[in-house]
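One structure is given below, encoded as structure tokens.
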Amino acid sequence: MTGLPSTARRLRGGSSRDDQAEGLRQLFAQSRVRFVPVVSNPHIGFGGVLLERLCTAFAEHGGSTLVVDAAEGAAEPGPMAPVDLRQCIETLSNEVSYLAARGLPIRFVDATGSTRSFLQRAAECAPRCNVVIVHGAASELARLFAPARGGPLGDPEAACPVLLAGDHPASVTHAYASMKLLVQRAGLVVFDLLLGASAQSPRVERIAERLTGCADDFLGAVLRDWAQVDPAGEAIDAPDDALRRLAGRRFAGAAATRPLQPHALPARASHATP
């Protein structure tokens, strides 16, 4: 795992002024990166579409996103990952990069059970990205984002996972179970929801209301916001107001005016469209 550069410099006898400058650089770098935990859902076959649409919404706010796919069905990282994680990151467009990371965070576990240092390593290896989406199971995200393990990330929104669901019961049940695990194991109590469903689906509002009620009544949690995404849409379609609002809360930046490039996530990923 990567040690703090300022600590290494002190051991080498560097000046306190150098240490202070390095500390300021680290503080600035940490404050500009937005970490976004996204809970995987094996009961939907279009998770990749939801992630792509979220990336497009971030790009509208000036975000360049690294998608770290640590979900159960994701591809394993390349053989160079333990040595040079940077080599395993694929650039998909000007706005999106991708890292296959199934099983990778646990290699960074510390004595408290936290894998927080993996987040630091991923952000360091993609310096052009100011948003890091971490897509994984609730148990994986609990080790990465639990506030009690390793202290705050400097980004309060990192403690607000995004749930994924479709408009059928199995996916909604899984989303609720994931919420419950994150509340009980990690103390995370505020969530957003991306609901993949046709624009003509009559069930989306009822699903969002049900999850909101269950979160409050049984978990003491809050489903803060939700957005509907039509899986039949294109990745670079302009986000609607709800998705734009959800992304804007995560990343406060100037609206991008450059044209967006296609950035389809790799088909081998756990969130590939069928």
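The values are calculated or read from the model by the stated rules, or taken from the named source; none is laboratory data. Worth saying up front: this structure is predicted, and the values here are computed from it rather than measured. Neighbour counts are summed over all protein chains in view; Cβ atoms, including those assigned to glycine, are modelled from backbone coordinates with ideal geometry.
Scanning the stretch 187-211 for residues that are aliphatic (A, V, I, L, M), farther than 15 Å from Val222 by Cα and modelled with pLDDT of 95 or more yields Leu195, Ala197, Val204. A single entry from Leu211, Leu163, Leu188, Leu194 fulfils the requirement of being touching a residue at least 40 places away in the same chain (Cβ under 8 Å), in contact with a helix residue (DSSP H, G or I) (Cβ under 8 Å, 6 or more places away or on another chain), assigned to a helix (DSSP H, G or I) and not acidic (Asp, Glu): Leu211.
In the stretch 214-249, the residue that is nearest to Glu157 (Cα to Cα) out of those that are in contact (Cβ under 8 Å) with a residue 40 or more places away in the chain and not hydrophobic (A, V, I, L, M, F, W, C) is Arg249. Across the stretch 162-200, the number of residues qualifying as surrounded by 16 or more Cβ atoms within 10 Å (Cβ to Cβ) and among the small types (Gly, Ala, Ser) comes to 8. Restrict the check to the stretch 216-230 and report whether at least one residue is of a type in the set (S, T, N, Q), assigned by TED's automatic domain parsing to the domain that holds Pro147 and either farther than 27 Å from Thr56 by Cβ or in a strand (DSSP E or B) (or both). Among the residues of the stretch 216-230, at least one is of a type in the set (S, T, N, Q), assigned by TED's automatic domain parsing to the domain that holds Pro147 and either farther than 27 Å from Thr56 by Cβ or in a strand (DSSP E or B) (or both), which makes the answer yes. Counting only strands (runs of 3 or more DSSP E) that fall entirely inside the stretch 52-107 and contain at least 3 residues that are touching a Pro at 6+ places or on another chain (Cβ under 9 Å), the qualifying elements are 96-100.
Of all residues assigned to the stretch 182-191, at least one qualifies as being of a type outside the set (A, V, I, L, M) and either outside the structural domain of Ala100 (by TED's automatic domain parsing) or over 19 Å from the mean Cα position of the chain (by Cα) (or both).
Of all residues in the stretch 231-243, exactly one satisfies the criterion of being part of a helix (DSSP H, G or I) and buried (at least 17 other Cβ atoms within 10 Å of the Cβ), namely Leu243.
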